[in-house]
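The values are calculated or read from the model by the stated rules, or taken from the named source; none is laboratory data. None of the values given here were measured: they were computed from a predicted structure. Backbone-built Cβ (ideal geometry, glycine too); neighbour counts: all protein chains shown. Protein only, heavy atoms only, side chains kept; ligands, DNA and RNA dropped before computing areas. Shrake-Rupley method; radii C 1.70, N 1.55, O 1.52, S 1.80 Å.
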Amino acid sequence: MKRERVAIAGLTGCSGCQLTLLDCEDELPLLLKNADFDYFPMASSGIALKGEYDAALVEGCLSTQEGLKLLRNLREKSRLLVAFGACAVSGGVTAIRNDVPREELSRIVYGGDAVPGGGFEPAPLASAVKVDFDITGCPPEKADILEFFAGLSAGVLPIPARTFVCADCRARENICLLAEKGELCLGVLTRGGCNARCPSMNVPCEGCRGVAEETNFAEAMAIFSANGFSADRISEKGGRFFREFLHEKKEYQKTDPD
Amino acid sequence: MKNRRFLLVGSDFEPFCMALYGQGGIHIPKICADGGVRFAHPVEGELPDLSLIRTILPLKKYLFPPKDKVLSYSQDNGYQPVEYNSGKLLIFGVHPCDLAAISYLDKIFLNGEPDAFYLPRRKSLALIGVSCMPDKYCSCGDIASPMPADCDIFLYKIETGYMVSCESDEGSAILSPLSPFLHETDILPPESTRDNFSLNSVEKFPDDLSGVSSELQEMARSCLGCGACSICCPTCYCFDLLELPSLNGERAERFRIWDNCLYQSHAEVAGGYNFRKARTERFDYRYRHKYLGFGQLQGIMSCVGCGRCIANCPAGLDLRPLACKALKESSHAATSP
Amino acid sequence: MKKKSIRKLTRIEGDGQVELIRENGIVTDARFVISEGVRLFEALLAGRSFHEVPDMVCRICSICSTVHKVAALEAVEEAFGCMVSRQSAILRELAVNGGVIESHALHLYFLALPDYLGVAGFQEMATTAPELLQRGARIKKCGNLIQEIAGGRAVHPFNLVIGGTGSSPRKDSLLSLEDELESVIEDATSAPEIFQAGNDRFPELPVFPFFAVKGESRLSGDTVGLSTGELMTAASFRSWLGESAQEGSCAKVCNFGNSGIFVTGPSARRGIENMLDETSSPRDLSDDRKSPRQTVSPYLFNLHRAIELQQSLDRALMLVRLLLEEGIHEEKALRLAPRKSEVTKVIEAPRGTLLHHYEFDRDGVCICADITTPTAMNQAAVGISLRKLVQGMAGAGYGEIRSGCERLVRCFDPCLSCAVH
Ligand code: SF4
Ligand code: SF4
Ligand code: SF4
């Protein structure tokens, strides 16, 4: 069987998506049999992008010119470009203050006027290149990663979950943290597929898999506020992974150095 | 003992249960450590709490699990069906609505060519029903499916304890070793939610919801689309098939997973065309299935009135007023010249 | 003529480079450059409620997500005067040890071992040293299992919540964890032996004074102990720990006033514990022998990491047994009543001392967050070590020096997402 040539790259993020891949300890031997991780700087010495790739999994958000260059390079060389994790798909938790100029935020942390490394607003990969597939989650589920690789060998892309976290949660026969305990659970808005990981342990969903296919934000807001949560609190928690919740909506800017 | 009735006095209830538990696998309705009400295995000495109104999931979780492996594929053997040899499981404390729901599911999965995954599981279940007191979410005795609340044994609550009615051969096999606790009686069972289950026949429900379109739209506006109602519904049985290849491409597994008519994907077909893109259309569809029935079971209401969809909806939606209003509108239309 | 050549660092977390200065073809100097994109976490947190702090900061780094989370939880709870239950405290300590196991196993067996074996990465090891790789994978998996049982997930452990724990682990999962730990402790017995050799290929390197948290448990407390014998309180950190932005690096560099350059990490922890075990020192490490308690050398970092791996496994087993012995209770997380306050927490992350400082207003809104990570604390020491290495390797070829530099940086197991955050 042909080994798929794969690139695993990290832009700006916590490396949690790459780490989750490395955390598939039981499956690593099989993974290595079917995929050649030709470019994987976090785990291997090679740093040159050589030849064509069957797939490039790119973690992290776009926030530096260097990252943009790497991303474009990977796009050019890869048949499939995959946004690997919440940061890559939507900008992730670090995009929550994209309403404020970067310089202003940077001043709070570094003091000076210039943003170190020339960093700009965290943006999803799709703001700069064509993305063929999203692996969602912060971090993604191991099962989703493995399903992608199984599909890669079989020549298909996985079918993304079109359910809600609530549906997974109810199918596991959990009690509802929102309706029965009055907690701020975002499962009613969140794309399923994690088997309701958090609510099943009595922790409200924070929406890390991103927004579900068809959502009703107005009604969800009404329920949350009926449970006593202030608009600020809702938008803070909701804003971690849902841009829809942020006070000031801002279109992602495409940054083009040329 | 089949078709005979017995009295079980209150003080014998505990030893009766313990003797019953001794017969093997049993699940009872109980409040679990997290406060959730579920059918589950009793812990040492735990009695079924027959006063509980509704479990989160109905019995379909045993017959038609959310994710069920149906085929496995390997390069050498091709596709092979998964065999089920489930051991006997006794479920003690099933309400009439949930029993009626099983009768309905039996019609879906066992009529004609029986479903190979439902049948063995269904055969392994023994059911002990119990009479109950409806709460504000229940609609039995009014708007509910006419399916019979069949079971192996049924317990009617009476003042002094229970009247135990043995209703099948399996029921007698279960009860015979328990006869020391049972005293035969000729008294007729008391009236219960098991009788007169449905007062409204399907014919009365209108086929056209245009008379209540504003209510329908209002519901669709408030619906979160999460699908909890359908997940918890004892007669929702839509499923999808999903095949997952293994990492080395040599094997694959095919699963039957619950589908949900509240989702966009439910009526989407190849090429992306969607028969029910708008949420109002999905509500219309749900109304039809629950109150009018469809396909081979057209004309049989499938809602058994258990109230789970209302109790479990984060937005507190309730299909009943819509149905009632539709009923009224249509009878009004019928009587006015 | 001076020329700079930049080499992307691999087999470390995050984005960084070694910059080699060449004069007339000869390498004369080296610099450690952290180029990871700035996410500005401290600014993101300002103005957000305390509820957001732990769930946000764990996203600073995946490898250290548990320890970031625990640091923030403890800070928030202390700020609002809340003490979590004994069971929750044990579960957190267990999770932190799980994090150490996973991080050290990842570093040693996946990222560092290829240097010892002369291969590019774990991919080659799968064919050339499969047994060793599998052993490392088993140890790493056990660290993950601990974090999953206590925290719900190996990366970003959501079950560790403000006021306690989301849900308590089940007895049967603790029992199987106990079995797993027992067998993995076996796997780890050879770790110090594997990692004591190998790095003696370096020329002489500088030695550094060091510091680590000194507290009731091995990994957390309110005081920092220095190798000089001094004790510093976390609350007074601004008087002994400085931090400044540095041209060309995305991470701030720490300084320790006039006291010189200190390091933090496994060797420092062992030093502070007064447990530097001379008998396990590798050959020919005279510096370390002379004054084992006053300085540490990057030579020994991996060895000490390996010893710590064992310590954390032992500790985890002890904690699991303690939980089983005391019985697991279902508990509700405590609710906090915010008040105006300022708090500083220190905790030992796998890479060294981690400091979280927050100020909250009376509604519990975070008005200031200041996070100092071990990699930022070690940044100056990495720089000096590189310079010394280049001097010590004078005459060697570019490739050799370059790979020596990479190997040396790796000894510190830097975490660049943490360093920048
Ligand atoms: S998506 Fe989450 S896990 Fe992945 S890099 Fe971003 S913060 Fe880390
Ligand atoms: S707990 Fe959360 S995810 Fe589960 S059903 Fe309730 S709202 Fe949905
Ligand atoms: S329950 Fe919500 S927050 Fe938890 S893993 Fe699933 S999508 Fe993410």
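See the values below:
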| read-out | value |
| --- | --- |
| Qualifying residue in the range A:95-106 (condition: closer than 20 Å to A:Arg191 by Cβ and within 11 Å of another protein chain (Cβ to nearest Cβ)) | yes |
| Flag for A:Cys166 being within 7 Å of another protein chain (Cβ to nearest Cβ), more than 16 Å from ligand 1 (Cβ to nearest atom), open to solvent by 10 Å² or more (accessible area, probe 1.4 Å) and not aliphatic (A, V, I, L, M) | yes |
| Failed item, numbered, when A:Asn174 is tested on (1) open to solvent by less than 40 Å² (accessible area, probe 1.4 Å); (2) away from ligand 2 (no atom under 16 Å from the Cβ) | (2) |
| Output for the range A:212-224, where each listed residue is open to solvent by 50 Å² or more (accessible area, probe 1.4 Å) and in contact with a helix residue (DSSP H, G or I) (Cβ under 7 Å, 6 or more places away or on another chain) | A:Glu213, A:Met221 |
| Candidate set from the range C:1-36 (those that are charged (D, E, K, R) and away from chain A (no Cβ under 14 Å)); member that is surrounded by the most Cβ atoms within 10 Å (Cβ to Cβ) | C:Arg31 |
| Any hit, the range B:114-133, residues being β-branched (Val, Ile, Thr), in a strand (DSSP E or B) and under 14 Å from the mean Cα position of the chain (by Cα) | no |
| The range C:103-123 - residue that is facing chain A (nearest Cβ under 8 Å) and assigned to a helix (DSSP H, G or I) and, of those, surrounded by the most Cβ atoms within 10 Å (Cβ to Cβ) | C:Leu106 |
| Criterion: open to solvent by 20 Å² or more (accessible area, probe 1.4 Å), assigned to a strand (DSSP E or B), on the phi < 0 side of the Ramachandran plot and not basic (Lys, Arg) - qualifying residue of B:Leu71, B:Leu52, B:Leu90 | B:Leu71 |
| Scan of the range A:1-57 for residues that are open to solvent by less than 20 Å² (accessible area, probe 1.4 Å) and of a type in the set (Val, Ile, Thr), ordered by number | A:Val6, A:Ile8, A:Thr12, A:Thr20 |
| Test result for A:Ala179, out of contact with any Lys or Arg (no Cβ under 7 Å at 6 or more places or on another chain), assigned to a loop (DSSP other than H, G, I, E, B) and either open to solvent by 40 Å² or more (accessible area, probe 1.4 Å) or more than 10 Å from ligand 3 (Cβ to nearest atom) (or both) | yes |
| Number of the exception - A:Cys14 against (1) more than 7 Å from chain C (Cβ to nearest Cβ); (2) under 22 Å from C:His156 (Cβ atoms) | (1) |
| Hits in the range A:152-163 - residues which are surrounded by 19 or more Cβ atoms within 10 Å (Cβ to Cβ) and either closer than 25 Å to B:Ala40 by Cα or more than 16 Å from ligand 3 (Cβ to nearest atom) (or both) | A:Leu152, A:Ser153, A:Pro158 |
| All positions within the range B:36-67 that are more than 10 Å from every other protein chain (Cβ to nearest Cβ) and of a type in the set (Gly, Ala, Ser) | B:Gly45, B:Ser51 |
| Residue that is farthest from the chain's Cα centre (by Cα) [pool: residues in the range A:195-217 that are within 16 Å of ligand 1 (Cβ to nearest atom) and charged (D, E, K, R)] | A:Arg197 |
| Residue within the range B:277-290 that is in a loop (DSSP other than H, G, I, E, B) and either surrounded by 13 or more Cβ atoms within 10 Å (Cβ to Cβ) or within 14 Å of chain A (Cβ to nearest Cβ) (or both) present | yes |
| Subset of the range A:18-39 (residues that are within 9 Å of chain C (Cβ to nearest Cβ) and not in a strand (DSSP E or B)) | A:Gln18, A:Leu19, A:Thr20, A:Leu22, A:Asp23, A:Glu25, A:Asp26, A:Leu28, A:Pro29, A:Leu32, A:Lys33 |
| Leading residue by the ranking (farthest from ligand 1 (Cβ to nearest atom)) among those in the range A:145-155 that are facing another protein chain (nearest Cβ under 8 Å) and either closer than 19 Å to A:Ile8 by Cα or among the aromatic types (Phe, Trp, Tyr) (or both) | A:Ser153 |
| Odd one out for A:Ile145 among (1) in contact (Cβ under 8 Å) with a residue 60 or more places away in the chain; (2) away from ligand 2 (no atom under 16 Å from the Cβ); (3) open to solvent by 10 Å² or more (accessible area, probe 1.4 Å) | (3) |
| Residue match in the range C:359-366 (condition: within 20 Å of C:Cys254 (Cβ to Cβ), open to solvent by less than 10 Å² (accessible area, probe 1.4 Å), part of a strand (DSSP E or B) and modelled with pLDDT of 95 or more) | no |
| Residues within the range C:378-418 that are aromatic (Phe, Trp, Tyr) and either closer than 22 Å to C:His107 by Cα or assigned by TED's automatic domain parsing to the domain that holds C:Asp115 (or both), tallied | 1 |
| Odd one out for C:Arg321 among (1) at pLDDT 95 or above; (2) more than 29 Å from A:Pro204 (Cα to Cα); (3) touching a Leu at 6+ places or on another chain (Cβ under 8 Å); (4) not acidic (Asp, Glu) | (3) |
| Some residue of the range B:173-191 being closer than 26 Å to B:Asp106 by Cα, touching a residue at least 12 places away in the same chain (Cβ under 8 Å) and open to solvent by less than 20 Å² (accessible area, probe 1.4 Å) | yes |
| Test for C:Ile347: is it assigned to a strand (DSSP E or B) and either of a type in the set (Val, Ile, Thr) or surrounded by 18 or more Cβ atoms within 10 Å (Cβ to Cβ) (or both) | yes |
| One residue from A:Leu68, A:Leu74, A:Leu62 being away from chain C (no Cβ under 11 Å), of a type in the set (A, V, I, L, M) and surrounded by 18 or more Cβ atoms within 10 Å (Cβ to Cβ) | A:Leu74 |
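Results for (1) basic (Lys, Arg); (2) assigned to a strand (DSSP E or B); (3) open to solvent by less than 20 Å² (accessible area, probe 1.4 Å), shown as yes or no for each residue.
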| site | (1), (2), (3) |
| --- | --- |
| B:Cys140 | no, no, no |
| B:Ala144 | no, no, yes |
| B:Leu155 | no, yes, yes |
| B:Val164 | no, yes, yes |
| B:Glu170 | no, no, no |
